[in-house]
Amino acid sequence: MTGKKLAWGYTTGTCAQAATKAAAEMLFSQVHMDQVEVTIPNGETARFPVEEIRFEKKDGSLLSVSCGIKKDSGDDPDITDGVLVKSRVERIRQGVCLVEGGEGVGRVTGPGLDQPVGAAAINRVPREMIRRELILAARKAGYDGGLKAVIQIPGGEELAKKTFNPRLGIQGGLSILGTSGRVEPMSEQALLDTIRLEMQVKYAKGHRFLLLSPGNYGLDFLKREYNIDEKEVVKCSNFIGASIDMAAGMGFQGFVLAGHIGKLIKVSGGIMNTHSKEADCRMELLSAAALKAGLSWQKARAFLDCLTTDDALEQCDGQERGRLMDVVMTQIEKYLQCRAPEQLQVGAIVFSNVYGMLGKTRQAESLLKKVRDEKS
């Protein structure tokens, strides 16, 4: 390890939340704010300079206030670092608080994502935080009418072309993201060091079986399906193969890998670094599995035109999905066994945000029980 402490940053969601709070409070006070402080989803407070403040008036009446917060991604290599996330807040006749997307914010065009088709790509947690700021500002001002915040990212449409948003079914701009409000530094070595350290701590506490998951979707699924706390899970990001190697080298006896179909379908093709820049053959692997499962060639061909794995699964009935996932799980188990040494038992659980549990390998449940028994 280098010993250098990497700087954390803030998500587009936190920037949108802060811009909304500043704009809403200025709408009621009609006084410029140089800085704004917000409580982000993980409970921390953050303070930001407020930029590009604009008061829109008509006939002497203040119609709306817009302002921006510049995104600081810290040491995370992020294409959105330095963008200005803006919020325009206005009063509306309906007695509700609305959150919408404007210039530079993408729209969801395919199923299986955090928001429904047609909605602005503002994910659930930041959407809730933005709405919360509107409610609090109105309450503070003694205002009982409605408010609307329109989130904008100037230049976001062009930047989005350099991301995987279009291939995921998000068109016309960037996404407003963030579950904790902070951006964790994601340099590859820093991530690998973190994974190794988490495993070392568990091994030192006597654990010999691991529960791995690439990210927050997996943590949410395990909590919902098995009531497993995130502290019990090692977040391995895209480094499936490297995590298996580390587990084997430390002397662990087995692991269960739990993840979303959009990520783990790649493992069914032997891909052990699932980052999109390394490989994006989700639909090709699903199509091949469909043929092997005996689905029609027309359906397998149609998979190749799908944007997301959930979009492909939607084209199958329940029986077809079951046959398809039997093939996928067999392939995942095969490649996990290829990567792991013989003494390391392997298991995998695959789910979808739309369809829930999709499949398990043969040893998944028994290994999961061993993980949970060690906790108790």
To the nearest 20 debye, what charge dipole does segment 87-196 have about its Cα centre, counting +1 at the Cβ of each Lys and Arg and -1 at the Cβ of each Asp and Glu? 320 debye
In whole angstrom, note down how far apart the Cα centers of segment 123-144 and segment 329-376 are. 42 Å
Principal-axis tilt of helix 240-250 within the chain, Cα atoms, nearest 10 degrees: 60 degrees
Surpassing 31 Å at the alpha-carbon level, of the pairs LYS223/LYS299; LYS231/LYS334; LYS71/LYS277; LYS86/LYS277, are LYS223/LYS299
log10 I(q)/I(0) for segment 126-264, Debye formula on C-alpha points only (no solvent), q = 0.09, 0.10, 0.11 Å⁻¹, two decimals, reads -0.43, -0.52, -0.61
Binned at 5 Å from zero, the C-alpha pair distances of segment 27-87 give percents of 4, 15, 20, 22, 18, 10, 7, 4, 1, 0
Only Cα pairs under 8 Å and at least 6 apart count here; give the relative contact order of the chain as a rounded whole percent. 15 percent
Hull surface divided by four, with the convex hull built on the Cα atoms of segment 302-368: how many nm²? 5.2 nm²
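How big is Rg to Rh over the chain, alpha-carbon atoms, Rh as the Kirkwood inverse-mean-distance radius?
Details: Rg = 22.9 Å, Rh = 22.4 Å.
Radius of gyration over Kirkwood radius for the chain works out to 1.02.
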Given charges at beta-carbon only (K, R positive; D, E negative), |dipole| of segment 1-114 in Debye: 240 debye
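Give me the percent of the accessible area of segment 1-111 that comes from carbon and sulfur atoms, probe 1.4 Å, all protein chains in place.
Carbon and sulfur atoms account for 45 percent of the accessible area of segment 1-111.
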Quick one: the Cα spread of segment 256-376 along its three principal axes, in angstroms, biggest first? 47, 30, 23
So the compactness index of segment 40-189, its C-alpha Rg divided by 2.2 N^0.38 Å, takes the value 1.09
Under the helix-only model (-39500 (n - 2.57) for each DSSP H run of 4 or more, divided by the residues of the chain), the mean residue ellipticity at 222 nm, to 500 deg cm²/dmol, is -11500 deg cm²/dmol
Size of segment 145-184 as Cα extents on the principal axes (Å, biggest first): 39, 25, 18
Given a 1.4 Å probe, how much area per residue of the chain is accessible, in Å²? 47 Å²
Please state, as a whole number in µm²/s, the translational diffusion coefficient that the Stokes-Einstein equation yields for segment 213-307 at 10 °C and 1.306 mPa s, with Rh defined as the Kirkwood radius across alpha carbon pairs. 107 µm²/s
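The values are calculated or read from the model by the stated rules, or taken from the named source; none is laboratory data. Keep in mind that what you see is a predicted model, and the values were worked out from it rather than measured. No Cβ is skipped: glycine too gets one built from the backbone with ideal geometry, and neighbour counts run over all protein chains shown. To get the accessible areas, we keep the full protein, side chains included, count just its heavy atoms, and leave off ligands, DNA and RNA. Shrake-Rupley method; radii C 1.70, N 1.55, O 1.52, S 1.80 Å.
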